[in-house]
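Each remark here refers to the structure printed beneath this line.
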Amino acid sequence: MQEVKIYEYAVIRLVPKVEREEFFNIGLIMFSKKEKYIRFEFHLCTEKFRSMKSKIDFEDIFKNLENFKHVAGGEKEGGPIALLDIPERFRWLTAVRSSVIQTSRPHPGKTEDLDGTFERLFEELVK
């Protein structure tokens, strides 16, 4: 029997017009402190993006999401925040902010398979 692992996840949202509070889900971040696990993936659909009729630039959003991925992965391209330990990076990435890229509140869970659970949540909540 596999060991049950505790994790937290948050949904990454694109809020093209912050004042309208409309958004759509574009990514997922998940971490498990005990397992030293963090994973961030995004899917930025160009059709959904265009349908929001926003003045924000698609390439700018894509670059910002790539930077989120660098920070989550602890890569030097993510700057000084990427050098923090996994829980601190997760907390920084999921901090409440008033910008076009936001996250849901973190949600806890238990699983025997972190990657399998990530894939399932990504399919259900993002794609």
Original post:
Quick one: is Phe24 more than 25 Å from Asp113 (Cβ to Cβ) and touching a residue at least 12 places away in the same chain (Cβ under 8 Å)?
Top reply: yes
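Please give the helices (runs of 4 or more DSSP H) falling wholly within the range 35-127 in which 1 or more residues are under 25 Å from Glu21 (Cβ atoms) and within 16 Å of the chain's Cα centre (by Cα).
Numbers: elements: 46-51, 58-72, 86-93, 114-125.
The helices (runs of 4 or more DSSP H) meeting that bar are 58-72, 86-93, 114-125.
For every residue, the table says whether it meets (1) under 25 Å from Gln2 (Cβ atoms); (2) modelled with pLDDT of 95 or more; (3) surrounded by 11 or more Cβ atoms within 10 Å (Cβ to Cβ).
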position	(1), (2), (3)
Phe40	yes, yes, yes
Phe49	no, no, yes
Met52	no, no, yes
Glu59	no, no, no
Glu66	no, yes, yes
Phe90	yes, yes, yes
Val100	no, no, yes
Pro106	yes, yes, yes
**OP:** Report yes if some residue within the range 4-21 is among the hydroxyl-bearing types (Ser, Thr, Tyr), surrounded by 12 or more Cβ atoms within 10 Å (Cβ to Cβ) and touching a His at 6+ places or on another chain (Cβ under 8 Å); otherwise report no.
**Re:** yes
Original post:
Which of the residues spanning the range 110-119 are surrounded by fewer than 16 Cβ atoms within 10 Å (Cβ to Cβ) and of a type outside the set (D, E, K, R)?
Top reply: Gly116
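With Val18, Val11, Val71 as the choices, which residue is under 13 Å from Ile101 (Cα atoms), of a type in the set (A, V, I, L, M, F, W, C) and at pLDDT 90 or above?
On the way: Val18 fails: at pLDDT 90 or above; Val71 fails: under 13 Å from Ile101 (Cα atoms).
After applying the criteria, what remains is Val11.
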Subject >> Those residues of the range 8-31 which are over 14 Å from the mean Cα position of the chain (by Cα) and not in a loop (DSSP other than H, G, I, E, B), in sequence order >> reply: Val18, Glu19, Arg20
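Regarding the range 32-50, can at least one residue be identified that is in contact with a strand residue (DSSP E or B) (Cβ under 7 Å, 6 or more places away or on another chain), among the small types (Gly, Ala, Ser) and without any contact (Cβ under 8 Å) to a residue 60 or more places away in the chain?
No, there is no match, as no residue in the range 32-50 is in contact with a strand residue (DSSP E or B) (Cβ under 7 Å, 6 or more places away or on another chain), among the small types (Gly, Ala, Ser) and without any contact (Cβ under 8 Å) to a residue 60 or more places away in the chain.
The values are calculated or read from the model by the stated rules, or taken from the named source; none is laboratory data. Keep in mind the model is a prediction, meaning the values are calculated, not measured. Here the Cβ is made from the backbone with ideal geometry for all residues, glycine too, and neighbour counts use every protein chain on show.
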